[in-house]
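What follows is one structure encoded as structure tokens, with my remarks underneath.
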Amino acid sequence: MTAAEHAAVRQPPRASAWPARWPTVAGIAFGAALAAAFWFGVSDTAQVAQVLTAAGFVYLGAAALGRRSAAWPLFGLTFVLLGVGFAVPGFDPSWALLALVVVVGVYGLVRGKVRPGWGLPLQAAAMAVVVGVAVAVALLGQPWAGLVVGAGLLAHAAWDVHHLRARRVVSSSLAEFCCALDAVLGVGVVVMSFAG
């Protein structure tokens, strides 16, 4: 066997980039679907703000549980709550999300998850900012409400990038997915708020 044949045998075949990039592709698709729902009037700025609240809850919940792998199950829970909010008139998932924030936050405190500082304490502070954005959106009319929630989503996309690089709090796949979703939805809401 020649040296070139020997080297070819030792190197595994190149894998497709698709499996490694599935969180980005899924996040873009999910964000585009939510942006389209906003554009066509199926959702409004308050419902888009719930997406931001859900993102904050996922981070806070994973920090309180002390497990990065908890992020996807927590995302699944928020997906169900937001879906019920879209489908059932009169059900506001924001209140359910805020109740869950309190429950997991207290659970994390009881379990002593106050350290490291980038865990529960920082995620709780970020959640307070997210709640502030949701309150501002409820008080403002368009286009300001859309601009505020869009800016909040873009800021959360940067938050996702930071956590993806640091490999902290949430799983890398969730941070990548959330970054793509937040960026696409945030840009879409800002553009539509200016255009509307």
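The values are calculated or read from the model by the stated rules, or taken from the named source; none is laboratory data. Please read all numbers here as calculations on a predicted model, not as lab measurements. FYI the Cβ positions are ideal-geometry reconstructions off the backbone, even for glycines, and counts take in every protein chain you see. Ligands, DNA and RNA are excluded from the accessible area calculation, which covers all protein heavy atoms including side chains. Shrake-Rupley method; radii C 1.70, N 1.55, O 1.52, S 1.80 Å.
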Where Lys and Arg each count +1 and Asp and Glu each count -1, what net charge lies around Ser172 among other residues with Cβ under 13 Å from its Cβ?
+3
How fast does the chain diffuse by Stokes-Einstein, in µm²/s, taking the Kirkwood radius from C-alpha pairs at 20 °C and 1.002 mPa s?
121
Estimated dipole of the chain in Debye, rounded to 20 [Cβ of Lys and Arg +1, of Asp and Glu -1, Cα centre]
800
Wrap a convex hull around the Cα atoms of the range 48-138, take a quarter of its surface area, and give that in square nanometres.
5.4
Stick to Cα atoms and the Kirkwood definition of Rh, then tell me Rg/Rh for the range 106-196.
1.05
A 1.4 Å probe over the protein heavy atoms gives the chain a carbon and sulfur accessible-area percentage of 72
Once R0 is set to 25 Å, what does the formula 1/(1 + (r/R0)^6) return for the Cβ-Cβ distance between Ala29 and Arg115, expressed as a FRET efficiency to the nearest 0.05?
0.10
Per-residue [θ]222 nm for the chain (sum of -39500 (n - 2.57) over DSSP H runs n ≥ 4, rounded to 500)
-26000 deg cm²/dmol
Residues of the range 77-121 with amide N under 15 Å of the 7 Å Cα→Cβ point at Val42
82-88
